[in-house]
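> Following this message is one structure expressed as structure tokens.
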Amino acid sequence: MQGCQYTLRLVGSSRDYRKIQSLEHFSTSNDVVLNDAFNILGEIVDAIEQVEQFSQQGESSHGTGN
């Protein structure tokens, strides 16, 4: 997912995309922009990392006899 974030950041920073996004006829069904997708992916990556940390903590406590 971090690769997707990187790609979105590259696309969003391109001159062509900024030009297209600024056009009057550019719109999405929910008025979202590329930066919204980038932020959402960031939240998902954070949530996955939290679950992985929690899972690792659970596994290590089982191994110590706690």
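> Using only the alpha-carbon atoms, how far is helix 34-63 inclined from the longest principal axis of the chain? Give it as 0 to 90 degrees, nearest 10.
Relative to the chain, helix 34-63 is tipped by roughly 10 degrees.
> Normalising by the residue count of the chain, find the relative contact order in percent from Cα pairs under 8 Å and 6+ residues apart. Before the final figure, lay out the partial values.
Details: 21 pairs, mean separation 27.9, N = 66.
The normalised contact order for the chain reaches 42 percent.
> According to the square roots a ≥ b ≥ c of the eigenvalues of the Cα gyration tensor, what is the shape class of the chain, taking rounded for a/c under 1.5, prolate for a/b larger than b/c otherwise, and oblate for the remainder?
Values: a/c = 8.16, a/b = 3.42, b/c = 2.39.
Here the chain falls in the prolate category.
No lab work stands behind these numbers, since they all come straight from the coordinates. Since this is a predicted model, take the numbers as computed values, not measurements.
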